[in-house]
Amino acid sequence: MAWVPAESAVEELMPRLLPVEPCDLTESFDPSVPPRTSQEYLQRVQIEAARCPEVVVAQIDPKKLRRKQSVNVSVSFITRQLSGCQPAPEGYSPTLQWQQQQVAQFSAVRQSVNRHRSHWKSQQLDSNVTMPKSEDEEGWKKFCLGERQCAEGAVGPTKNENPEIDYIQIGFPPLLSIVSRMNQATVTSVLEYLSNWFGEKDFTPELDSKDDERVPALNLLICLVSRYFDQRDLADEPS
C-alpha cells in the first residue's frame, strides 16, 4: 500500500526541501535493512519523522541541576526585572523592622475603622459637604483636590490665605464621616480618577535626598501595598 504522511503543523512551518515520492510499504518492508537508493533513504527519514511524537517532554532531575548551578537568581530579582520595578537607592528604603511595624499598625487601624464604620456613617455631614455621584469624575476631582487646584492645574499644596478654611476651594480631607459613606466600587473609581489627573499633569516628584520629608510617606505607601496587600514585586529589600 502507498503510505502518504499526513500534513502537520510542523510541515507547514518547515516545508520540505526535496520532493519525495509516496512510499510503497509492502509486507516485505524491513526498516532495519539499509536503504539502497537516495530516494529510499529520504522516504525512510520521512517515515521515521512521522512516527515521532509532536511533543516530547524531557525527564530532568532538578537535583542534578542544582548541584551544577553556579549562579543563583532570586525570584524577587526576576519579578523586579519583568515588572520594571527597580530597588530604591541606598539609604532610601526602610528597614524590615520598620515595615513590619507599619503593617501591624495599619492592620489595627483598618480593623478599628471597620468596627466603627456604622457609627461614622451615621454622623451628619456639614452643610457644605455634597458628595458627587460615583461616575462624576470631574466632581470627585474638585471634591478631593479643591476647585482652586483644578482651576489652576497646579500639583502640590495650596496656600490658604483666609483664616477660615474653605474646603470647597482646597478640597475635603478623607474624613471617616466621608469615607465610610463610600462603597468599594466608589473608592476604586475615585482613586482611578485621581491617578488619571496626576498622570495628565505629569506628576513625577523627584526626591532631593534621603532626608526629603516625602520619603517616609512614599515608603509607607509602598510598604503597605507590598507587605500588607501582598504585591511582593514592589517590596523594598531589608536594609
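The values are calculated or read from the model by the stated rules, or taken from the named source; none is laboratory data. Note that the structure is a prediction, hence the values are computed from the model and not measured. Here Cβ is always computed from backbone atoms with ideal geometry, including for glycine, and neighbour counts include all displayed protein chains. Surface accessibility is based on the protein's heavy atoms, side chains included, excluding ligands, DNA and RNA. Shrake-Rupley method; radii C 1.70, N 1.55, O 1.52, S 1.80 Å.
Go through SER107, SER118 for me and flag whichever is open to solvent by 60 Å² or more (accessible area, probe 1.4 Å) and small (Gly, Ala, Ser).
Being open to solvent by 60 Å² or more (accessible area, probe 1.4 Å) and small (Gly, Ala, Ser) holds for just one of SER107, SER118, which is SER118.
Could you list, in sequence order, all residues of region 35-56 that are within 51 Å of the chain's Cα centre (by Cα) and open to solvent by 100 Å² or more (accessible area, probe 1.4 Å)?
Of everything in region 35-56, those that are within 51 Å of the chain's Cα centre (by Cα) and open to solvent by 100 Å² or more (accessible area, probe 1.4 Å) turn out to be GLU48, ARG51, GLU54, VAL55, VAL56.
Among (1) at pLDDT below 85; (2) open to solvent by less than 70 Å² (accessible area, probe 1.4 Å); (3) of a type in the set (D, E, K, R); (4) in contact with a helix residue (DSSP H, G or I) (Cβ under 7 Å, 6 or more places away or on another chain), which single condition is ARG227 missing?
Status for ARG227: all satisfied but (1).
Is one or more of the residues making up region 85-92 at pLDDT 80 or above and touching a helix residue (DSSP H, G or I) at 6+ places or on another chain (Cβ under 9 Å)?
Yes, there is a match, as at least one residue in region 85-92 is at pLDDT 80 or above and touching a helix residue (DSSP H, G or I) at 6+ places or on another chain (Cβ under 9 Å).
Mind counting the residues in region 121-147 that are assigned to a loop (DSSP other than H, G, I, E, B), under 32 Å from the mean Cα position of the chain (by Cα), of a type outside the set (S, T, N, Q) and surrounded by 14 or more Cβ atoms within 10 Å (Cβ to Cβ)?
Adding up the residues that qualify gives 4.
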